[in-house]
Amino acid sequence: MTDTTPLLEATGIDHDYGTVSVLRDVSVTIECGRVTALIGPNGAGKSTLIRDLAGLHEPTAGTITYNGPDTAREIGYLPQHPAFRPGFTALETLQFYASLVGDDETDAMAQLERVGLENAADRPVEALSGGMTRLLGIAQATIGDPPIVILDEPGSGLDPSMGLHVFDVAADLADEGIAVLLSSHDLELVEQVADDLLILADGRVAEQGSIADVRARVGGSSLRQVYEHAVGGHRDTVQVVGDHA
Ligand SMILES: Nc1ncnc2c1ncn2[C@@H]1O[C@H](COP(=O)(O)OP(=O)(O)OP(=O)(O)O)[C@@H](O)[C@H]1O
């Protein structure tokens, strides 16, 4: 691998659910030390693409190539709706995941501290709030120091300070050299933290590149203007793929 080789390269991704085509010809690279933000309207196909990239389901067409080092865990993943097995504390849960990838279980507390959950270490996972469960999911995604971390809406359901903190955690991971891909609807946080942008609209790439390049190309003074230009302005109805009425 050369320094310029992306850690993850997806080319020409199509994804169909039965007869419904959700992604069409999507290509994206995920680079070391950068935060790539995946944004787009509800139903645009962000989670579908994320699950393709994380290896959780197979795209209908296209290739996904991992160019990173051999490690026990190549990709850490936060699902959009994280859930944990009841009956264990937050700390025990992380220790369990650490044991699966041969990581030092004593690092689990450090992972909890990184997301600000250290005071909930002894709380059963079923007693965590929605936001705390998401934070535990983010900690879980970084267990085993994977070179790629993919976070599906990490800021969703978090209060503004914790949302900012979570994006700062993503930036810190990138500063450590990790390739971070996250999806979000919070354009302000994306603008503050992300290096690169992939805007999906109706299952296709509407814009991509560094935030500065995309902004220069599209001509918007803010990410919101760029976004509205890319996805076609305000919408009051969710675009349902496969339904073109
Ligand atoms: N398992 C599935 N079977 C059939 N259709 C699905 C399935 N999963 C997602 N879809 C459809 O694919 C489309 C894209 O969904 P996806 O969850 O990828 O969008 P998204 O951009 O992540 O949306 P949001 O921002 O609302 O989370 C939607 O129309 C959704 O109904």
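Each reported figure results from applying straightforward, stated rules to the coordinates on display, with no laboratory input. Bear in mind that the values here come from a model prediction, so they are computed numbers and not experimental data. Cβ atoms come from the backbone with ideal geometry, glycine included; neighbour counts cover every protein chain shown.
Which of the DSSP-defined H helices in the chain satisfy a minimum axial length of 15 Å, computed from C-alpha atoms, and a minimum mean Kyte-Doolittle hydropathy of -0.5?
Result, helices passing both filters: 90-100, 130-142, 160-175.
The chain: longest stretch without exposed GluC sites (Glu not before Pro) (DSSP loop, at most 15 other Cβ within 10 Å), sites themselves excluded? Present the calculation step by step, with values, prior to reporting the outcome.
Numbers: sites that count: 105, 176.
Result for the longest clean stretch: 1-104.
In nm, what is the difference between 0.36 nm times the number of residues separating residue 118 and residue 61 and their Cα-Cα distance? Provide the component values of the computation, followed by the final result.
Numbers: separation 57, 0.36 × 57 = 20.52 nm, distance 4.27 nm.
Using 0.36 nm per residue and subtracting the Cα-Cα distance, I get 16.2 nm.
Report the gain in length on full extension from residue 5 to residue 126: 0.36 nm times residue separation, minus Cα-Cα distance, nm rounded to one decimal.
39.4 nm
Quick check: Cα centre of segment 48-117 to Cα centre of segment 119-188, how many Å?
11 Å
Applying 1/(1 + (r/R0)^6) with R0 = 41 Å to the Cβ-Cβ distance of residue 216 and residue 100, what FRET efficiency is obtained, to the nearest 0.05?
E between residue 216 and residue 100, to the nearest 0.05, is 0.40.
In Å, what Rg and Dmax follow from the Cα atoms of the chain?
Spelled out, the Cα radius of gyration and Dmax of the chain are 17.9, 55 Å.
Rounded to the nearest 500, what is the chain's calculated 222 nm mean residue ellipticity when only DSSP H runs of at least 4 contribute -39500 (n - 2.57) each, over all residues?
About -9500 deg cm²/dmol.
If I model a spin label as a point 7 Å beyond the Cα along the Cα-Cβ vector, how far apart are those points for residue 145 and residue 71 in nm?
For the pair residue 145/residue 71, the computed spacing is 0.8 nm.
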